[in-house]
Structures are given as C-alpha cells and as structure tokens.
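Below is one structure, written out as structure tokens; the observations come after it.
What follows draws every value from the coordinates through simple rules; no lab data is involved. Bear in mind that the values here come from a model prediction, so they are computed numbers and not experimental data. Ideal geometry is used to build each Cβ from the backbone, glycine not excepted, and the neighbour counts take in all protein chains shown.
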Amino acid sequence: MNFIEARKLVHEYIRRDEEGNVESILTALNQVDLDVKQGEFVAVLGHNGSGKSTLAKHLNVLLSASGGTLWVDGKDTENADNLWAIRQNAGMVFQNPDNQIIASVVEEDVAFGPENIGVPTPEIWKRVERSLKSVGMIKYREHSPNRLSGGQKQRVAIAGVMAMEPKCIVLDEPTAMLDPNGRREVLDAVEQLNKEKGITVILITHYMEEVVRADRVYVMDNGKVVMQGNPRSIFSQVDTLKSYRLDVPQITMLAYELKKEGFNIPEGILTRQELVEALCQLY
Amino acid sequence: MSIILDKVNYVYSEKTAYEIHALKNINLKIEDGEFIGVIGHTGSGKSTLIQHLNGLMHATSGGIYYNGQDIYDEDYDRKKLRGRVGLVFQYPEHQLFETTIFADVSFGPKNQGLSKKEAELKAFTALRSVGLPEDYWYRSPFELSGGQKRRVAIAGVLAMEPEVLILDEPTAGLDPRGRDEILDQVAKLHEERNMTIILVSHSMEDVAKYVERLIVMNQGSIMLDGTPGEVFAHYQELEAVGLAAPQITYLMHDLRKRGIQVPGIATTLEEAKEAILQAFKK
Amino acid sequence: MLRDITIGQYYPADSVIHRLDPRTKLMAAMLYILSLFVFQGWAGFAAVTLALVLMIALSKVPFGYMVRGLKAIAVILIITILFNLFLTPGETIVEFWKLRITWEGLKNAGFMAVRLTYLILGSSILTLTTTPNQLTDGMEKALKPFNKLHVPVHEISMMMSIALRFIPILIEETDKIMKAQLARGADFESGNLIKKAKSMVPLLVPLFISAFRRANDLAMAMEARCYHGGDGRTKMKPLRYKKADIAAYLLSAGYFAGVIALKVLL
C-alpha cells in the first residue's frame, strides 16, 4: 500500500442559512485520487481556490471528508482512533510563519510537538537539537522567533514538525509570504530532508520554480486533479497549464516559444543549462 | 512635476542599542510619468524609502521636494501630500474595514473633505479603473479572493486621484494569473493616464517586464539606478549582495560563452526570443 | 509611559536569584509583599529595607534600571501621600487655609510611600529575574491544586504564554494598519472625543479581523502538532527544586516570621 492513498475524496463546504437550510454547497475536492509512495517528493500545484489547501488539511485530518476514502500510513483517516498517530506521522507546515510558532523561544517551540505526544524530557532535548540542526537553525535555539526572518521562522516551523519524527511532511504554501532568499532557504531545507532522511514531502504551491525539484506533480483545478506526471511532462503542456491559471518557469516558456518558431528543441525544458545545450546543438 | 530627495537619511531608534541606519544619504529625482521599479532585500531600506515619498515617515536629515516645494516646510500640508502621492501597502487586509467595497473605496476621498456625492463619484471611477466587475461593489470586501482584495485596496488609493502611485509588493501571495492581472492593470494606468508609478517588488522577472527605470537598494543606499538592461548588466554585483538578474539574462550570457552571438542584453522573454532568432538567422 | 513599566520585562543576568525556581520566587515575592503590610515601627522598617537591599544586590539587576519602574506609579504614589498627609486626624504641626498636617499624617504618608515603593521594587525583582515563560510555568505548577476545583490551570497558563508571544506581533500590526489608513488620509488625532472614537474604526476593524484569523490559524497549527490539552503532556524544561530553592524557602519563611515577631513583641 502507498504511504498516502486517496480514492474519490470529496470535500464540500456547506453554507446554511439561519434556519439550517442549505444555502450553497462549494465542492472544494471533487473525486480526488492521490497516491504518494514512502520517500517521494510530490508537489501539488494549483491557483488560489483550486482546492489544494483543502487537500493538504485532509492529509493531517484537520478536515474530514464528505465522501471517498483517505488512508495515511496504512491507517484509515475516518477512524477517530487513528487521529493522533496520523497527525504525528504526517506533520504539517502552514503558510504564515507567525501564526504557527507557539512559544517565545525557538527551542521551546520546537519542543511543543514532542511535549504534546508525551516524549520523555531527555529525549525531547535530543530531538530538539537534532531537528534544529537538520534545518540549520541550531545557533538560534535560544532566540525569540520575533527577530527572525520569514525564511528562518519557516525553518523553525519545519523543525517543530521534524521533532515529532514524522514519516511525511505536508507543506501548505510555505513560501507564499517569503522573499526570494527565504523561499530558497526553505526549499533547500525541505529538499535535504527528503534526500538525506527519506522524509516523504508533499509541497502545496503555486510557484512553478519550486515544482521543478519534485519527483511528481499533481495539478488541481476546481477541486479536481486535472494533470499528473513528472515536472518535465507537466511543463511541456504550456497551453493546458495556462488554462488552469498557471504558468511555466520563464526558461521553459522561452523554449516553448522558440519551438513554435521552428526550433527543434526537446519538450519540457526545465533548466537554463538544458536550454543552452539544446541551442548549442542546433547552432 | 517631480519628487526630489536631497541627502535623505533615516535612522531607527537613534542612540540606542537597536540603532539602524535605514537610509543613507539618498539622492533621487523622480520625474513625472516615470514607471519605476524598486528592488532589494527585506531590510534593504526600500519600504522605508517609499514611506518617505508621501510623508508618512520623516527623514532624520535631508530634504524632500514635491513639485519644487519642501514637504518639511512648516506650512506644507502633508496630509494633502498623501492624497497626491498614493501609497498602497502590501497587505490589503490592513486597510479594508467597511461593510461594502464601495464604502471602503469612498473612505479616501471622504477624508479629503469631499461631499458624499463627490466621494462616491471618485469611488465609482476608481473601481472602474481597476477592473472589478460591478456586481461585486456592494458586497463585503472580506468575501473577496486575494487578487480582488488587492484591486479594491488599489482602488481605495486611486479614488484620492493621486499623481503618483506607489505599490509595495502588490503581487505577494497571488497565483500567476492573479499576478499578471494586477500588473497589467497597473501598466494600463501608466499608459492611459501617464501616471507616475513606483513598483516595489521581489521579482526580477516582473520588474524587467514592466518598468522603464529600476532602482536597486542595498543596506540603505541606492546601489544601482538605470534601465532594467543597464541594471542587470551588473549581474555579478547583484549576486554579490544576494540578488540576481532574471534567468533570461543569464541564459544570454551562457549562450555567448558557448559561442552563440546573441545581440544586446535581454531581460524579458520577448527580447530573448528576438535575440536568439537574430543570432540563428546569421 | 508604556515603555517605563519594568514589570514584565526580563533582565538577563546570571545571579542566584535568576537561577531559582520560579515557584520559589513567586512564594518569596508573596511573603515579601505580605510583610510590607504587616510591619510596624522603625525595627520593622529596617527589616523590610534590609531584605530589599539584599535581594537587589543578589539579583545583579542595575538599581537604576529597577527604579525606572517607579515612574509608572509616580502619580498614584503622590496621590496616596497627599491623602495621608492631609486627611489623617491627630496632633497638628502646621495649618494653613483649610489644610492641616499632623504628626500622624506625616508618619502614615511616609510609611505608605515606603510600602508602595517597596512593593513595586520587590515584585519587579521577580519579573526582572524570571522569563515570562518560566513565570507562566511556575504559576501553572504552583496553582495545580486548584485543578481539583475545576479551575483550568493549564489552559490559563497556555493562554498567557500565547498572549506574551503575540503582543509584539499585534503591536507591529497596529502600526502597519495605522500607516495604511494614514496613507488614505485618515486622521487619528484631531477632533473631539466622539470624532476620535469614530476615527478608530478603520484601525480596529482590520486589527480584530486579523487577530481572529491568527487565532484560527494558530489553533489549527496547534492541533496539527497533536496538542490536546494538558493531559499526558511532558515538558522540555520541567521545574525541579534545587538546594538553593530550599534555602530560599527557609530564608523567606524565617524573614516573615521575624517581621511578625517584631510586630508582636515591640
């Protein structure tokens, strides 16, 4: 069985009037199938309001489904007994770094998760140290989060999740409020956790450049999964992506434009080096 | 019409342990009708700079002249200045407060002392010019999407009919389409009304695509000032301070290194495409 | 004015008092405050002064830093002194117009001033040497017996520590909202009281909405990190009494007994 398996997952936000009659139904997730293997780096792409954040919240059982099934780490999310085990194993990092740091000292914040699941004190210290090291924030352990940069705060949030020793982290637009340097810091940290520690990563984003690092990409629109594949195959479909209010990285776009002009360039160019090589062969 | 900054310095928490020299000896002239991009790191002083332009922050030393008038003069009406140099902050959530979008956009002109009718007329024009469909106007601003909220925030400032419009990272957090829509709308304001626009951004690709003049801030000083092409030609200096030119510009350098003679400095997709086509024609 | 309040501001230093358990410090501070209301006469005054001087010396917090906290209560202090000075009946020293100063009044005013000043200084030693987190931890543990009376002790202390974290964030946010509205020509200063109150609406609405949003986000983030109340929680930094704490308990108990003895015997 896959680490995450969603079958025909449905989520409806139902709005009722004062008498309890249904006023409107918004289908945020519509028959979503999702498969993520242990150790994979999967990106979920979609414009604002496409349902990607709703999906993320299901993976951590912060929301429960209106229909369909979702299994995380071999456990059914419908079964209330599995709640804490799933939350511990599929940690979650949110968009706004300020609104997820609970303590006034970095190391105490990282300890918050382990404290909640009843880890003994000496073990908490070890975990805090290990997780802060894994995101390169160990020298800030005694600092107040208020004086850190956005990228540093998000890395503290990631360390807070890592300290629960999860098998998977779900990141819900972790870079949307950061500047380019902060964005890079966070993605480097995430990539490292995936490559070196084998942590399964699910990255929810609308930044195309971030998707390039993933093993596989799901594209969502209107609550449905509309495309899936590796980054190269996704980015070779420029027009389809545009129809979903998305974009491709600038280099990919240039390659696509040149191809339209008759250049014989392979599909789905992702990096500058690839385009340089392709052009040199034609020159 | 112009804005002139003469040796402007700004120091936060002067004479304490937390003293920060946020602006260092800034000399700058902004001409009427320019489309300017300001880039720099968080903490480079760019936010401090734009808050000086409409008089929200008061320089520690130096002078600022709007249309030749010293804005620090005792009898200069700085409240009026804020209506002429409109500043839209990064998060629309920090300014939306009324029950309807229309009422919210009328807030600015009402503060300028206009009658209800005049203020509403201005709100009407402003909402039109940001392209928000009319059936939204009497809804609550809090029900809108991120991109729509930003339009309303911009309209809220446009309703004061400013001569200069400053936007602080208007696209942060928007998806690609939302980003293009906002920036296209801003570019339209510039073209149709010849409005002076100052766009603060983190995205090199965005500024390269839209602005005519680019100012790079670093550690409280103006590091580079010129057309995007001129500025990005200094890509090595930009990298040294942790910034970077657009990927396109690097591509051009890489191609030249490999012997493909692409002409000029391309900073946008269209320019790069043209340059490559030309190189291959030969 | 707000900046002058030293209560609640931690002064980092490495002193005997800094290292004490927060519960010990809470208890000692309480005993000291009690002693201020119990003591009588010059011998008692000497005892409370000596105790204060000793604590300040041990805390390694600069005296000047501590005295700054008094500015905040200067007005209350002066009013109390004046009331006591003029309104205490007794043997008259001077009399002018309708005012009368008595010996008793002078004595009362003097002791009242001492009590208030010492009270502020004594409690600021507690807050200056204890981080806010330690303080809430200490309160949580010290108040644990009240849990049996269905007082949600853990929840209260969790709320306090979250408030401590978010106060600076909300202050910064208020500043940003204010600037955004000023840029739209808002005026927060001129006009009468009603107009001023009305001008706060554009500031307060975005602030409240943002605060609710943050609270919502935070609740979700806490849930995602398996927070489910105080049951079964462990601590990274559990409170444990050390030898110095026992000594401090004995000392403060001895001191308090001494002050009472002075009152009863003299």
Discussion item. If you filter the stretch C:157-266 for chymotrypsin sites (Phe, Trp or Tyr not before Pro), then keep DSSP loop positions with at most 16 other Cβ within 10 Å, what is left?
Written reply: C:188, C:241
Worksheet, complete the sentence: Length gained, residue B:117-residue B:194, 0.36 nm per residue minus C-alpha separation, equals 25.1 nm
Fill in: Average partner coverage of A:94-107, which counts Cβ from other chains inside 10 Å
6
Worksheet item: If you find the alpha carbon centre of the stretch B:217-282 and of the stretch A:31-54, how far apart are they in angstrom?
Response: 35
Item to complete: Would you mind working out the magnitude of the charge dipole of the stretch C:146-224 relative to its Cα centre, with +1 at each Lys and Arg C-beta and -1 at each Asp and Glu C-beta, to the nearest 20 Debye?
Response: 220
Item to complete: Considering Cα pairs under 8 angstrom that are at least six residues apart, work out the relative contact order of the stretch C:146-224 and quote it in whole percent.
Response: 26
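Peptide A:87-93: average number of partner chain Cβ atoms within 10 Å per residue?
3
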Worksheet entry | For the stretch C:101-125 and the stretch C:14-91, distance of Cα centres in Å | 9
Fill in: Range of Cα positions in the stretch B:49-131 per principal axis (Å), largest first
42, 28, 20
Discussion item. For residue C:141, give me every one of the lysines with a C-alpha distance below 22 angstrom, ignoring sequence neighbours fewer than eight places off in its own chain.
Written reply: C:25, C:235, C:237, C:242, C:243
Fill in: chain B, Rg to Rh (Cα coordinates; Rh as Kirkwood inverse mean 1/r)
1.01
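Mind giving me the FRET efficiency for residue B:241 and residue C:43? R0 is 51 Å, r the Cβ-Cβ distance, nearest 0.05 is fine. All intermediate terms of the calculation are to be shown ahead of the outcome.
On the way: r = 69 Å, r/R0 = 1.35.
For residue B:241 and residue C:43, the calculated efficiency is 0.15.
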Item to complete: Give the calculated FRET efficiency between residue A:271 and residue C:50 to the nearest 0.05, with a Förster radius of 56 Å applied to their Cβ-Cβ distance.
Response: 0.15
Practice prompt. Please list B:111-122, C:175-186 highest first by mean number of surrounding beta-carbon atoms within 10 Å per residue.
Written response: C:175-186, B:111-122
Discussion item. Placing +1 on the Cβ of each Lys and Arg and -1 on the Cβ of each Asp and Glu in the protein assembly as shown, which of A:204, A:250, C:73 has its Cα farthest towards the positive end of the resulting dipole?
Written reply: C:73
Practice prompt. Note down the relative contact order for the stretch B:90-198 as a percent, whole number, built from C-alpha pairs under 8 angstrom at least six residues apart.
Written response: 31
Practice prompt. Place a label point 7 angstrom from the Cα of residue C:150 along the Cα-to-Cβ direction, then list the residues of the stretch C:229-257 whose backbone nitrogen is under 19 Å away.
Written response: C:230-231
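State the extension gain, in nm to one decimal, for the chain segment bounded by residue C:16 and residue C:194, taking 0.36 nm per residue of separation less the distance between their alpha-carbons.
On the way: separation 178, 0.36 × 178 = 64.08 nm, distance 5.24 nm.
Taking residue C:16 through residue C:194 to full extension adds about 58.8 nm, to one decimal.
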Worksheet item: Among A:124, C:149, C:85, which residue has its Cα positioned farthest towards the positive end of the charge dipole of the protein assembly as shown, with +1 placed on the Cβ of Lys and Arg, -1 on the Cβ of Asp and Glu, and the dipole taken about the Cα centre?
Response: C:85
Worksheet item: Over the stretch A:98-170, what per residue volume does the convex hull of the Cα atoms give, in whole Å³?
Response: 85
Worksheet, complete the sentence: With a 28 Å threshold on alpha-carbon distance, the violating pairs from B:79/B:149; B:122/C:176; C:176/C:196; A:52/A:75; B:7/B:79; B:24/B:149 are B:24/B:149
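Mind listing which GluC sites (Glu not before Pro) in the stretch B:155-239 are in a DSSP loop and have 14 or fewer other Cβ atoms within 10 Å?
B:212
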Worksheet item: When the gyration tensor of the protein assembly as shown is built from Cα positions, what are the square roots of 5 times its three eigenvalues, in whole Å, from largest to smallest?
Response: 54, 37, 26
Worksheet item: Between their Cα atoms, which of C:60/C:263; C:60/C:144; B:116/C:198; A:259/B:281; B:209/B:281; A:167/A:195 are more than 19 Å away from each other?
Response: C:60/C:263; C:60/C:144; B:209/B:281
Worksheet item: Scanning chain A for GluC sites (Glu not before Pro) in DSSP loops with at most 16 other Cβ atoms within 10 Å, what's the longest stretch left with none?
Response: A:143-260
Worksheet item: Counting other Cβ atoms within 10 Å, which trypsin sites (Lys or Arg not before Pro) in the stretch C:63-137 have at most 14 and lie in a DSSP loop?
Response: C:98
Practice prompt. Relative to the compact-globule scaling 2.2 N^0.38 Å, provide the ratio for the alpha-carbon radius of gyration of chain A.
Written response: 1.08
Worksheet item: In whole angstrom, how far apart do the alpha carbon centroids of the stretch A:196-216 and the stretch A:104-139 sit?
Response: 24
Fill in: Within the protein assembly as shown: Cβ-based charge dipole about Cα centre, in debye rounded to nearest 20 (Lys, Arg +1; Asp, Glu -1)
2520
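On average, how much area does the Cα convex hull of the stretch C:146-224 cover when viewed from any direction, in nm²?
Convex hull of Cα atoms, orientation-averaged projection: 7.7 nm².
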Worksheet entry | Relative contact order %, the stretch A:91-211, counting alpha carbon pairs below 8 Å whose residues are six or more apart | 33
Item to complete: Calculate the radius of gyration of the Cα atoms of the stretch B:114-259 to one decimal place, then report Dmax, the largest Cα-Cα distance, as a whole number, both in Å.
Response: 18.4, 67
